[in-house]
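All remarks here apply to the structure that follows.
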Amino acid sequence: RGEDFLARARTVADGIDGQQIERDALIPDEVIADLARLGAFGMKIPTEYGGVGLTNLYYNKALTLIASAHPSLGALLSAHQSIGVPQPVKMFGTPDQKNRFLPRTAAGEVSAFLLTEPDVGSDPARLGTTADPQPDGSFKLNGVKLWATNGTIAGLYVVMARVPASEGERGGITAFVVEANSPGITVENRNAFVGLRGIENAVIRFHDVVVPAENTLVGVGRGLKIALSTLNTGRLSLPAMCVGASKWCLHVARG
């Protein structure tokens, strides 16, 4: 399965104009559509949910190959399924959450991971975005998230927010799956970088965004564990893409 996917991925990657992405600072819609048809958004999602079900080895090989066309493609795919909705839902989601979200993301609906904030980077335990419990069991999100890769084009977010402690409830950092079209969500800015010019990275504000209780992952106060566990997958995929970039540079130098 892995070798077959790599063969098909090479055909797609060979047809991508990386210079156009660099020139326009944008991944064309048709490239995203080609990646979706390939199954690249579901590489790590099990086949029973419409994914390809690759091992971590072949997932990283595929990222190395596709990102050689342009590194922004690797960022798109890696953020989507290394830390975006597929990985935490696959690892920690209920059967209902897996059935609701994994087929959507496997088919090409882009996801994003929202942890970092303007005042909180490498110390997520200090994050300030709040999720206030409501009488009907839902939560109301308020706060700002920074460096949200895929945030401008995503249909689903994983959002880390702090539930306040209350009588009989410890509260704490909690992970929520949030629909990007929910009322109260504003994409305030698309961040631009010297490198990764095609990356869709955003500042996103939440104002009284209602999230149903069934979109809570694992439970209240378990979000930090989810964040750190899923980030481990990203820490493996980024070096794989760096290997691809190094090999491509060597290829150019030899030419």
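Using only alpha carbons, build the gyration tensor for region 44-107 and give me the equivalent ellipsoid semi-axes, biggest first, whole Å. Don't jump to the answer; show the numbers that get you there.
Numbers: eigenvalues 99, 26, 17 Å².
Equivalent ellipsoid of region 44-107: 22, 11, 9 Å, largest first.
With +1 on the Cβ of every Lys and Arg and -1 on the Cβ of every Asp and Glu, and nothing else charged, how large is the dipole of the chain about its Cα centre, in debye rounded to the nearest 20? Could the numbers behind the result be given before it?
Numbers: 24 positive and 24 negative charges, 158 e Å.
Dipole of the chain, to the nearest 20 debye: 760 debye.
What's the magnitude of the charge dipole for region 188-229 around its Cα centre, counting Lys and Arg as +1 and Asp and Glu as -1 at the beta-carbon? Answer in Debye, nearest 20. Please report the intermediate quantities before stating the final value.
Details: 5 positive and 4 negative charges, 41 e Å.
Computed charge dipole of region 188-229: roughly 200 debye.
Working from Cα positions, state the angle (0 to 90°, nearest 10) between the long axis of helix 29-38 and the longest principal axis of the chain.
Tilt relative to the chain: about 90 degrees.
Short version: ³J(HN,Hα) in whole Hz for each residue of region 135-149, in order, from phi by Karplus 6.51 cos²θ - 1.76 cosθ + 1.60 (θ = phi - 60°), x for Gly and Pro, what are they?
x, 8, x, 7, 10, 10, 8, 9, x, 10, 10, 10, 6, 7, 5
Per 10 Å bin from zero, what fraction in whole % of the C-alpha pairs of region 106-255 is there, up to the bin with the longest pair?
Pairs per bin, as whole percents: 11, 37, 32, 13, 6, 2, 0.
Pick out, from V177, V210, S82, the residue whose Cα sits farthest towards the positive end of the charge dipole of the chain, with +1 on the Cβ of Lys and Arg and -1 on the Cβ of Asp and Glu.
The listed residue farthest towards the positive side: S82.
If only Cα atoms are counted, what is the Rg of the chain, and what is its Dmax, in Å?
Final numbers for Rg and Dmax: 18.2, 68 Å.
Quick check for me: using +1 on Lys/Arg Cβ and -1 on Asp/Glu Cβ, what's the dipole size of region 134-250 about its Cα centre, in debye to the nearest 20?
Details: 11 positive and 8 negative charges, 118 e Å.
I would put it at about 560 debye.
Give the accessible surface of the chain per residue, rounded to a whole number of Å², with probe radius 1.4 Å and ligands, DNA and RNA excluded. Write out the running numbers ahead of the final one.
Values: 11720 Å² over 255 residues.
On a per-residue basis, 46 Å².
Please check: in the Gaussian network model of the chain (C-alpha springs, under 10 Å), which one of G128, G219, G168 has the largest mean-square fluctuation.
Per the Cα network of the chain with a 10 Å cutoff, G168 tops the list.
Any idea how far the Cα center of region 176-246 sits from the one of region 67-86, in Å?
12 Å
Name the longest site-free stretch of the chain, where the excluded sites are trypsin sites (Lys or Arg not before Pro) in a DSSP loop with no more than 12 other beta-carbon atoms within 10 Å. Write down the numbers at each step before the final one.
Details: sites that count: R1, R170.
It works out to 2-169.
Tilt of helix 223-254 relative to the longest C-alpha principal axis of the chain, in degrees (0 to 90, nearest 10)?
The helix 223-254 is inclined about 20 degrees to the chain.
The values are calculated or read from the model by the stated rules, or taken from the named source; none is laboratory data. These figures come from a predicted structure and were not determined experimentally. No Cβ is skipped: glycine too gets one built from the backbone with ideal geometry, and neighbour counts run over all protein chains shown. Heavy atoms of the whole protein, side chains included, go into the accessibility calculation; ligands, DNA and RNA do not. Shrake-Rupley method; radii C 1.70, N 1.55, O 1.52, S 1.80 Å.
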